[in-house]
1. Through the Karplus equation 6.51 cos²θ - 1.76 cosθ + 1.60, θ set to phi - 60°, convert the phi angles of the stretch 182-189 into ³J(HN,Hα) values in whole Hz; use x for Gly and Pro.
2. If I take all pairs of Cα atoms in the chain, what percentage of them are more than 37 Å from each other?
3. For I152 and D315, FRET efficiency with R0 = 51 Å and r from the beta-carbon atoms, rounded to 0.05?
4. With a Förster radius of 25 Å, plug the Cβ-Cβ distance of R72 and V363 into 1/(1 + (r/R0)^6) and report the FRET value to the nearest 0.05.
5. Measure off, as a whole percent, the carbon and sulfur share of the 1.4 Å-probe accessible area of the stretch 189-264, all protein chains present.
6. Each residue of the stretch 157-166 in turn: what ³J(HN,Hα) in whole Hz from Karplus with 6.51, -1.76, 1.60 and θ = phi - 60°, glycine and Pro shown as x?
7. Once neighbouring chains are kept in place and the probe is 1.4 Å, which whole percent of the accessible area of the stretch 1-153 is contributed by carbon and sulfur?
8. Would you rank Y319, Y304, Y342 by solvent-accessible area, highest first, keeping every protein chain in place and using a 1.4 Å probe?
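The values are calculated or read from the model by the stated rules, or taken from the named source; none is laboratory data. Just so you know, these numbers come straight off a predicted model, no measurement behind them. Positions of Cβ are backbone-derived with ideal geometry, glycine not excepted, and every protein chain shown enters the neighbour counts. SASA here: full protein model, heavy atoms, side chains in, ligands and nucleic acids out. Shrake-Rupley method; radii C 1.70, N 1.55, O 1.52, S 1.80 Å.
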Amino acid sequence: EKGGYEHFMLKEIHEQPRALKDTMLGRLEEERVVLQEVDLTLDQLAQINKVYIVACGTAWHAGLVGKTLIERWAHLPVEVDIASEFRYRSPLVDEHTLVVVVSQSGETADTLAALREAKNRGARVVAVTNVVGSTVSREAHDVIFTWAGPEIAVASTKAYTTQLEGMVLLGLYLAQVKGTLLSDKIGGIINALKRIPAQVQEILDQESLIKELAKSFVKVEDAFFIGRSLDWAVAMEGSLKLKEISYIHAEAYAAGELKHGTLALITEDTPVIALATQRDVFDKTVSNVKEVKARDAKVIGLTYKGNTSLVKSVDHVIYIPETLDELAPILTVIPLQLLSYYVSVARGCDVDKPRNLAKSVTVE
Ligand code: M6R
């Protein structure tokens, strides 16, 4: 059942090129996206003045990426909320709000409660979920299914990358209906998206390099993930993966925020993983990398192949294939998933069933 892999997590990491392909199947025309289960007209969208994305854990991290994409492409203000916070804070949601709930299982208690709360307040609810027939998929007005297939390992991998793809599709869809992106721009993004599954495979083919790198994490107690913009969102996911399955304390920081306190924790014993793909803030991220290097941290950088400058400021670079910055999260997370996996194995942890955690959190 593990298809020859030692753990479900590794199998699921390797299924991502297929899962990403399946999730785009039938949804991409040359310069248009087609979302059959979403039916928002221009008139309806014109009434929407705000978007909330609500989810838990890894799905919330996907929502953080969704925020930037929807704001950038569809020009709608977006708030991203953790479901257990959203449901109890009387959010300013009404019939002019679009609420997007993201949930692999479609059964997470807090996410479901947030969905119901949003509906009670008159919001239109779009769900991004992986399970057909799940409660979330039945109760939302519109659904974007991710076609990751069953995810067994507690640590989410292929569900996350397909959720990111769901965010791309939704962002493009909203922009298309609102007319905020020209069709040739949409066409360019679609072309780049179509290349993603093969690019994920390219990273997976470099697995042995990450496995080697993981050895240096066996005795680590604290690690930091830093980045700006979309890199920061992925840093959070990388940090959660490492905590969840290897029990190493990890924190994700907006790179520019480090010197407001956290920099005090950086020593030669704290590896820093610096995500540096986003071109508009690349130089700023490099300055932050220099700050941690000055505290003797060991820095692993992550950037596009072809970027020859990062290597000068870090100890080791992981390269990902070049893509649009908006799509980079789907690629940057892959080495981070592999790193957590191999660190977890090397530390003798129970990779697929980490302590204290359940796959689906159906109690609040
Ligand atoms: O099924 P859901 O997407 O609603 O689950 C949400 C979180 O419980 C889940 O993503 C959790 O954070 C993962 N174990 C992270 O790997």
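1. 3J(HN,Hα) across the stretch 182-189, in whole Hz: 5, 5, 6, 5, 4, x, x, 5.
2. It works out to 16 percent of all Cα pairs.
3. My answer for the efficiency is 0.90.
4. My answer for the efficiency is 0.10.
5. Carbon and sulfur together cover 52 percent of it.
6. The phi angles translate into 10, 5, 5, 5, 5, 6, 5, 4, 5, x Hz.
7. The C+S portion of the solvent-accessible surface of the stretch 1-153 is 49 percent.
8. Ranked list, largest accessible area first: Y319, Y342, Y304.
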